Amino acid sequence: MRLRSSEWFDGEGLRAYSHNARLRQLGVNRDEHLGKPVIAILNTWSGINPCHMHLRERAQQVERGVWQAGGFPLEFPVSTLSETFQKPTPMLYRNLLSMEVEEILRSYPVDGCVLMGGCDKTTPALVMGAASAGLPAVFVPAGPMLPGNWRGRALASGTDMWRFWDEKRAGTLSSGDWAEIQEGLARSPGTCMTMGTASTMTAAAEALGLTLPGASSIPAVDSAHHRMAAAAGARAVEMVREGLTIGDVLSREAYEDAVRTVLALGGSTNSCIHLVAMAGRSQIPLSLDDFDRLSREVPVLASVQPAGEHLMEDFHHAGGVRGLLSRLRGSLHLDRVTVTGRTFGEDLDGARVHDPAVIRPLDDPLSPEGGLAVLRGNLAPDGAVIKYVAADPALWRHTGPAVVFHGYRDLQARIDSPSLEITGDSVIVLAGGGPRGGPGMPEYGMLPIPDRLLREGVRDMVRVSDARMSGTSYGACVLHVAPEAHVGGPLALVRDGDLVTLDVAARVLRVEVSDEEMARRRAAWAPPPPKFERGYGALYSEHITQADKGCDFEFLSRPGRNPEPNAH
Ligand code: FES
């Protein structure tokens, strides 16, 4: 087997001489690395990402595994995408990280890689970049943090914060309690311990066959996480020797199984965007219609917040993704290969559920259908998404007058105004939160219910936007309306008082306004100025696709020639 890295290091020419001299500068003699697979460890650790604060240390365990298997590890720091801190949203930078990953793998002497991430956008970004590069790749999920705690009660990151924020605004929670809760919300390194976007996407990576079996739910601070990291490093070396690439693992069948997994988890709506974009990098067709079709077949089995009751550590001890998939075994594609070199079915052999209250049986699901629905209609010709399993069922079919906001600042400025004409039956509409308009499609989608209505006891309302929603959020929030308002989608034309209809069973999102009137409004509509005139933002705005297409850059998802660096 000729290693890709040998193009840099083998031979007696000046190039190899120079490269080996510089490895000596790194403290590595030629006989320590020569002929060994070079494994790039792509690490999204940074000082600003609390979800990944353990990954610097964990990379050492990956290195241990690589050395033990006879490889040569090299760690590369890559963009960190901290969900909490990066503004306007890390979604703006998902594609940038994916480009960085692809180009690092392409331009350096790398034979295989280990991808280290987990905080929301890092998982799709790492997989997208690695899929485009096409080398052997193993994903190491960061793992969920420990459950939060307040006075002996478990706290869910995100989910409980939103819930208690509403109680505080309703006047039912004191400022002292609110301050105490802050201390217990996030107790350890690791990703949000609900079934938010992080846990949803790492579970999807496991279902795709990109992690070692059972890896995605191991708590970040568990000693099993150290051992998994070392084993992943070793496995990356073996994959290089076996010639098993990420392209062999990712297939249409793998993505179907990943969608089934997300649905059975009651997972984040963000997966509808990320999985479409990830599949697109391998030219695998995956659409919102696949989510909707499979959602009608797959029951929600995982009782994990926000759709259910438990937290990720409970889910892990109940059997994790392997346990969940043991329930769905009959509908999965078991013959496809995974990073283990075995079939998906072999990886699932012996998997069991240890707590049926957390991973429910097929005949007693949390919901008989998957929790996501794809809506269409004159308000969303290219689709919109709702996680109805996390919404008040009384709102699954609802018609109400629109209260429209244009942009998040407008919403913040007016939502609690005493003069705002709004009731619990109103439909709150936010236009201008999409991929270009947001910009970056921020997680504004759980639009706030006015203080006044909260005090009256209202806890859920129909809300419609072209934005996204945190996977830890909940409520009757219609999201990802496509095309977005900023590019002239119908959401831009809705006015206060227009009746908006949501019908989950019929998969409809409609504004009760005639085609003629909508055409009149369209003729009077003027496109807003671009958000960016220079820099990465301008590149982003010029090339981003809409939500139903995964919000990738069109030049990254298309096939085409991209020669090896040493071929130039
Ligand atoms: Fe990082 Fe939730 S903020 S996973």
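Observations
- Hydrodynamic radius (Kirkwood) for the range 200-250, which is based on Cα pairs only, to one decimal in Å: 11.7
- For the chain, the dipole from Cβ point charges (+1 on Lys and Arg, -1 on Asp and Glu) about the Cα centre works out to 800 debye, to the nearest 20.
- Here is the size of the chain from its Cα atoms: Rg then Dmax, 24.0, 80 Å.
- Around the Cα centre of the range 180-271, unit charges on the Cβ atoms of Lys, Arg, Asp and Glu (plus for the first two, minus for the last two) sum to a dipole of about 100 debye.
- Per the chain, cysteines lacking a partner by the 4.7 Å Cβ criterion: 113, 192, 272, 477, 551
- Length-normalised contact order for the chain - Cα pairs under 8 Å, 6+ apart - percent: 13
- DSSP finds beta bridges in the chain, and of those with both partners inside it, around 45 percent are antiparallel.
- The residue among 353, 365, 377 whose Cα reaches farthest toward the positive pole of the charge dipole of the range 345-412, with charges on the beta-carbon of Lys, Arg, Asp and Glu, is 377.
- Candidates 430, 565, 212 compared by Cα position along the dipole of the chain: farthest toward the positive end lies 565, with charges placed on Cβ.
- Longest to shortest principal axis, alpha-carbon extents of the range 1-99, angstrom: 51, 27, 26
- Considering only 182, 259, 192, and ranking their Cα positions along the charge dipole of the range 116-262 that arises from unit charges at the beta-carbon of Lys, Arg, Asp and Glu, the one farthest toward the positive end is 182.
- More than 17 angstrom apart: percent of Cα pairs within the range 269-335: 58
- Between the range 405-460 and the range 112-161, the alpha-carbon center distance in angstrom: 29
- Relative contact order %, the range 457-511, counting alpha carbon pairs below 8 Å whose residues are six or more apart: 23
- Spin-label pair residue 524/residue 355, simplified geometry with 7 Å Cα→Cβ offset, distance in nm: 5.8
- Charge tally around residue 304: other residues with Cβ under 14 Å, Lys/Arg +1 each, Asp/Glu -1 each, net -3.
- The range 415-477, Rg to Rh (Cα coordinates; Rh as Kirkwood inverse mean 1/r): 0.99
- 12 Å reach of a label modelled at residue 459, 7 Å along Cα-to-Cβ, counting backbone N of the range 152-193: 163-164, 166-167
- Per residue, the convex hull spanned by the Cα atoms of the range 331-392 measures out at 161 cubic angstrom.
- Over all distinct Cα-Cα pairs of the range 201-321, the Kirkwood formula returns a hydrodynamic radius of 15.4 Å.
- Anisotropy class of the range 454-514 from Cα gyration tensor, a/c 1.5 cut: prolate
- Taking the three principal axes of the alpha carbon atoms in the range 344-466, the coordinate ranges are 60, 36, 24 Å, sorted in descending order.
Any read-out appearing in this document is the output of simple, stated calculations on the displayed coordinates, not a laboratory observation. Remember, it's a predicted structure, so these values are computed and weren't measured experimentally. Quick reminder, even Gly has a Cβ in these numbers, built from the backbone with ideal geometry, and neighbours come from all protein chains shown.
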